[in-house]
Amino acid sequence: MREPYPLFRKVNNNMNNSIAKKEPSIMVGGFVLGGAMIGAGMFSLPTIMAGAWFINSIVILLIVCFFMFHSGIYILECISKYGAGTNYFYISKELLPKWACYVANAALIFVLYILIYAYISAAGSVIKEASAIYGFKVNLNIVFICFTLVLGASIWWSGIAASRLTSLFLFIKIVLFILAFSGLFLIVKTDLLLKSPVGDSQLSLLPFVFIIIPYAITSFGYHGNVCSLYKLYHENERKVVKSCVIGCVLALVLYFLWILGTMGNLPRTEFLTIINKGGNLDAFIESLYAVLSSPHIATFLLWFSISAVFCSFLGVAIGLFDYILASLNLNDNSSGRMKAALLCFLPPLILCMLFPNGFLIAIAYAGMAACIWAIICPAVMALKVRERFPESRFKVWGGKGLIYAVIAFGVVGIICQLLAQFNLLPIYR
């Protein structure tokens with residue numbers, strides 16, 4: 001008989017269904033993961049992809065999504081052997097050499113903290129811009145504090161409440177995305193998308209694909225939330241895997257539509273103008289205004305940006321909060337959760353107040369660390385856990401061949417990031 005879920009196999013189908021009634025739907029989990037992946041950083045993707053252009057960029061997105069999905073469920077395979085409440089620190093300590101455990105967890109903590117810092121910074125800038133449009137003048141540090149307090153309080157209060165709030169923001173974000181960019185989809189020029197830019201062939205564009213990989217890896221980073229979902233779904237691996245599928249597909253579709261709408265309307269040379277202005281959000285939106293010239297688009301774009309930042313902040317912060325709670329053995333009560341909240345939000349908040357404009361730099365630095373803890377280490381741990389638990393009831397499909405392929409992809413990502421840091425990768429500018 002064909003198994004109903006080909007992504008993994010179970011040799012023991014006994015499940016405790018009595019706890020399922022309190023589990024949220026898989027859509028909630030998928031929206032949490034989608035919220036962690038889809039954020040304001042997506043505005044940088046078309047600019048980074050301008051060198052390789054549309055077809056090459058879509059191929060890279062598909063490849064990165066494939067490997068990132070599987071590296072994420074390798075984490076699930078590992079934690080399923082140790083039970084709910086287990087976190088990345090524990091399984092890495094159990095399955096990796098001591099030095100590798102410290103490297104992996106340092107990379108994880110760095111990525112989650114730097115992304116929270118990036119999203120607080122981005123939230124401050126878009127909220128300040130919104131206030132200016134509506135005639136209010138606000139202090140940036142006050143915005144940072146209020147934003148962190150309000151959303152941080154929802155995570156402190158309840159993981160389920162924060163997950164549902166993330167789902168709400170993701171739904172709003174998708175609606176605003178459609179409202180803001182539907183005009184772009186209606187006037188897409190297929191010649192811009194499918195034909196090579198003037199003076200270039202598809203082959204000549206290939207060297208520009210390597211710079212995309214580190215940014216795309218960051219764009220599919222949901223791994224910090226896998227442990228939280230396993231706990232949320234009461235050790236129901238099937239629901240976690242389905243949530244991972246939903247989250248990755250949501251991100252992939254939204255990125256595809258975003259690239260379709262931008263590259264289908266802006267000639268490749270127009271991205272040089274955006275790059276020369278620093279590649280920031282305002283320069284990108286300026287170019288889109290020139291295409292649409294609609295007074296409503298500015299409002300939709302603004303609120304889309306706000307919802308994207310809110311959603312991404314919640315998605316990443318839930319993962320770091322649960323990591324701190326479990327790693328330090330803090331009680332899951334109001335006092336223990338308050339300690340975890342202070343450790344989770346205070347350092348990036350202080351950093352934001354000292355360096356308020358570090359969004360793009362922070363996203364760039366997250367790439368290499370993500371290759372270590374979110375790609376290579378989960379695959380290595382999956383090898384170890386299969387040796388230790390050969391009769392495990394839950395295994396990701398693909399055997400050792402896929403595991404080694406994931407490790408190789410992680411190494412390629414690190415090499416690309418290193419070459420980019422030393423300006424040794426071809427970059428369109």
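The values are calculated or read from the model by the stated rules, or taken from the named source; none is laboratory data. Since the model is a prediction, treat every value here as computed from it, not as a measurement. When we count neighbours, we look across all protein chains shown, and the Cβ atoms used for this are built from the backbone with ideal geometry, even at glycine.
Within segment 129-149, which residues are within 24 Å of residue 299 (Cβ to Cβ) and of a type in the set (S, T, N, Q)?
131, 139
Counting only helices (runs of 4 or more DSSP H) that sit completely within segment 266-371, those holding 2 or more residues that are over 24 Å from residue 163 (Cα atoms) and modelled with pLDDT under 80 correspond to 268-276, 281-292, 295-327, 359-370.
Restricting attention to segment 380-416, the residues being outside any helix (DSSP H, G or I) and β-branched (Val, Ile, Thr) number 1.
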